[in-house]
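Asker: Input: one structure, supplied below.
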Amino acid sequence: KAGVTQTPRYLIKTRGQQVTLSCSPISGHRSVSWYQQTPGQGLQFLFEYFSETQRNKGNFPGRFSGRQFSNSRSEMNVSTLELGDSALYLCASSSDPGTGYSEQYFGPGTRLTVT
Amino acid sequence: GESVGLHLPTLSVQEGDNSIINCAYSNSASDYFIWYKQESGKGPQFIIDIRSNMDKRQGQRVTVLLNKTVKHLSLQIAATQPGDSAVYFCAENIRSGGSYIPTFGRGTSLIVHP
């Protein structure tokens, strides 16, 4: 089974621009979560999508948004980029059998650099 | 590979030793805990989990201990191997919306010397 894939792997953007990152979950997985990882703040939860609906959201400004498609693929968007948005963005998927938690499988991440 | 964090606490051990990595969590409402391993250039990988109604759980070469009184979690790795070198994170999870919201620790860098 193919793992979680994220595209692109590396991205350089200019302050003020917007960016869209893509995540393809493991086949059959219905839950997709997004995380931001920085040296200063560590790993932080952005949001989780399940069946095309945002189920949970972390403490990030509204510039960070996401969506999930009917095939469970997900995208996240960051508008009006700031230098502090430079980070590794990780996506994770899980099968979510309805018991509240199932193991998450992480992708390799997208390294975003804002200049 | 990419660095996952700067100025992380570091634990250096010799191959074959046992390693203990500690984590303090903050929310007494957290009821599910996970340890992850992250190697350079890769995403985190699930190691072992424990629910709040347990105080110990064992896996292959790993044991997680949970002390809810002092909000402390530890990961013990037996017979540590060079391949165990990585950054280790704990995550506390709170139930929300039919799922969980995770909060991660800062991580500990484990270095295993052959």
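Asker: Which one of these does B:Thr69 not meet: (1) within 14 Å of another protein chain (Cβ to nearest Cβ); (2) out of contact with any helix residue (DSSP H, G or I) (no Cβ under 9 Å at 6 or more places or on another chain)?
Answerer: Every listed condition holds for B:Thr69 apart from (1).
Asker: With the range A:1-92 as the region, which strands (runs of 3 or more DSSP E) entirely inside it contain at least 1 residues that are surrounded by 14 or more Cβ atoms within 10 Å (Cβ to Cβ) and of a type in the set (Asp, Glu)?
Answerer: On the way: elements: A:5-7, A:10-13, A:19-24, A:31-38, A:42-50, A:53-57, A:64-68, A:74-78.
Counting at least 1 such residues, we get A:42-50, A:74-78.
Asker: Looking only at the range A:98-114, count how many residues are in a strand (DSSP E or B) and either surrounded by fewer than 20 Cβ atoms within 10 Å (Cβ to Cβ) or away from chain B (no Cβ under 14 Å) (or both).
Answerer: Adding up the residues that qualify gives 3.
Asker: Looking at this structure, is B:Tyr36 modelled with pLDDT of 95 or more and surrounded by 17 or more Cβ atoms within 10 Å (Cβ to Cβ)?
Answerer: yes
Asker: Exactly one of (1) within 14 Å of chain A (Cβ to nearest Cβ); (2) closer than 30 Å to A:Thr7 by Cβ; (3) of a type in the set (S, T, N, Q) is unmet by B:Asn53. Its number?
Answerer: Of the numbered conditions (1) within 14 Å of chain A (Cβ to nearest Cβ); (2) closer than 30 Å to A:Thr7 by Cβ; (3) of a type in the set (S, T, N, Q), the odd one out for B:Asn53 is (2).
Asker: Out of all the residues in the range B:19-58, which are under 30 Å from A:Arg9 (Cβ atoms), within 15 Å of the chain's Cα centre (by Cα) and outside any strand (DSSP E or B)?
Answerer: Passing the criteria: B:Glu39, B:Gly43, B:Pro44.
Asker: Look through B:Val87, B:Val64 and report the one residue that is more than 11 Å from every other protein chain (Cβ to nearest Cβ) and either over 20 Å from A:Gly107 (Cα atoms) or crowded, with 16+ Cβ neighbours inside 10 Å (or both).
Answerer: B:Val64
Asker: Can A:Ser95 be described as more than 13 Å from the chain's Cα centre (by Cα), away from every other protein chain (no Cβ under 11 Å) and closer than 24 Å to B:Tyr100 by Cβ?
Answerer: In short, yes.
Asker: Further question on the same structure: Working only within the range B:93-105, note down all residues that are in a strand (DSSP E or B) and over 10 Å from the mean Cα position of the chain (by Cα).
Answerer: Taking the range B:93-105 and keeping what is in a strand (DSSP E or B), we get B:93-96, B:99-104.
Answer for the range B:93-105, where residues must be in a strand (DSSP E or B) and over 10 Å from the mean Cα position of the chain (by Cα): B:Asn93, B:Ile94, B:Arg95, B:Ser96, B:Ser99, B:Tyr100, B:Ile101, B:Pro102, B:Thr103.
Asker: A follow-up question, please. Considering only residues that are away from chain B (no Cβ under 11 Å) and hydroxyl-bearing (Ser, Thr, Tyr), which ones fall in the range A:19-65?
Answerer: Matches in the range A:19-65: A:Thr20, A:Ser22, A:Ser24, A:Ser27, A:Ser65.
Asker: Turning to a different aspect of this structure: Within the range A:71-92, count every residue that is away from chain B (no Cβ under 12 Å), under 11 Å from the mean Cα position of the chain (by Cα) and of a type outside the set (S, T, N, Q).
Answerer: The number of residues fulfilling the criteria is 4.
Asker: Okay, next question. Can you pull out the residues in the range B:56-95 that are among the aromatic types (Phe, Trp, Tyr) and modelled with pLDDT of 95 or more?
Answerer: Once the filter is applied, which keeps residues that are among the aromatic types (Phe, Trp, Tyr) and modelled with pLDDT of 95 or more, the range B:56-95 yields only B:Tyr88.
Asker: Which one of the conditions (1) surrounded by fewer than 16 Cβ atoms within 10 Å (Cβ to Cβ); (2) acidic (Asp, Glu); (3) out of contact with any Ser or Thr (no Cβ under 6 Å at 6 or more places or on another chain) does B:Asp17 fail to meet, given that it meets all the rest?
Answerer: (3)
The values are calculated or read from the model by the stated rules, or taken from the named source; none is laboratory data. All values reported here derive from a predicted model rather than from experimental measurement. Note that each Cβ is placed from the backbone with ideal geometry, even for glycine, and that neighbours are counted across all protein chains shown.
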